[in-house]
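Colleague: Encoded as structure tokens, here's the structure I'll be asking about.
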Amino acid sequence: CKFELIQTYRLYAACQMFAKPNICKQADAELNLFSFLCRIRRVKRVKFSFVAHTLAAEWRLSMQKKISASMMCADIIKIADTLAVFEKNRVEYLHIDIMDGSFVPNFTLGTDYCTLMKKNSCIPLDIHLMIDNPENKLDWFNFGEEDYVSVHCESTKHLQRALQKIRQKGGKPMVAVNPATPLAMLENVLDDIDGVLVMSVNPGFAGQKLVPKALDKIKQLREYLNKNGYEQIEIEVDGNISMENASLMSNAGANIFVAGTSSIFTETYTLEEGILRLREAIQ
């Protein structure tokens, strides 16, 4: 097997994270990058088991349970302190809800807010576009290669075009599905996305109650993706992500959790305590 440089680096990173004697005997976790690359460059053929295990390790890394903090719930007056807590506790994403008052009956954050977060934090963005015709407005937003951008199936007549534009701009495309949106809507765009955002409430407002059917939808989606060769597609959940609900969603197959007023932004405990409690709930 011949590896391009970037592929080799990804394998090395996976080995560093997961290498164990009984899993990856040929991967020495103490090898530095230079010696590892030199070894691979000298070896024309690599055992399939080694490649399979390291790729599996990389897949497990991408499927780790992650927190996406809902920034519409954050106190804008204390935003610098909030970001510092997130960075200290390694929150994986900043979830930014964009509403236009048309696709959903509310207005929230905007393009300047996304730019501000990119400027003041190293945490990747998770931009949730609840707007009509998002493909015509993507150029308004500042996002990069580690940032997720989600669009709703019903928000555009040209869903694939919107997803392709997100990819072309360097983002990671995601499709959002409302509680009443059938999973069949995803069938023809699975090759175009990195994730699915399952709404467990109807979008527009924070503090809503969970739509119970959402748990079945998460499980059905994870089973469908795994069965059809899309194991790498992540499942994000948004809406009433309490500690109890987060645990149920995690068991159903979700791996990214939008944390708002039901979990980390609460008066019951501090922001840091909320993050730690949510980590425990989703493992």
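Bear in mind that the values in this text are calculations on the coordinates, not laboratory data. Note that this is a predicted model, so its numbers are computed, not measured. As a convention, Cβ positions derive from the backbone with ideal geometry for all residues, glycine included, and neighbour counts pool all protein chains shown.
Colleague: Convert each backbone phi in region 118-135 into a coupling constant with the Karplus relation 6.51 cos²θ - 1.76 cosθ + 1.60 (shift: θ = phi - 60°), then list the ³J(HN,Hα) values in order as whole Hz, x for Gly and Pro.
Modeller: So the J values, rounded to whole Hz, are 5, 6, 10, 8, 8, 6, x, 8, 10, 8, 10, 8, 9, 9, 6, 6, x, 4.
Colleague: For a footprinting-style exposure proxy, rank D192, D75 by other Cβ within 10 Å, fewest first.
Modeller: The fewest-first ordering by Cβ neighbours comes to D75, D192.
Colleague: Each label point is 7 Å from the Cα along the Cα-to-Cβ direction; what then is the distance between the points at L116 and N188, in nm?
Modeller: Label at L116, label at N188, 4.0 nm between them.
Colleague: Sorting D216, D132 on the 10 Å Cβ count, fewest up front, what's the list?
Modeller: Going from least to most buried by this count: D216, D132.
Colleague: I need the phi-derived Karplus couplings for region 194-201: 6.51 cos²θ - 1.76 cosθ + 1.60, θ = phi - 60°, integer Hz, Gly and Pro marked x.
Modeller: 9, x, 10, 9, 8, 7, 9, 9
Colleague: How big is region 154-283 by Rg and Dmax over its Cα atoms, in Å?
Modeller: Reported Rg and Dmax, both Å: 15.1, 44.
Colleague: Please order H158, H95 by the number of other Cβ within 10 Å, starting at the fewest.
Modeller: Ascending number of Cβ neighbours within 10 Å: H158, H95.
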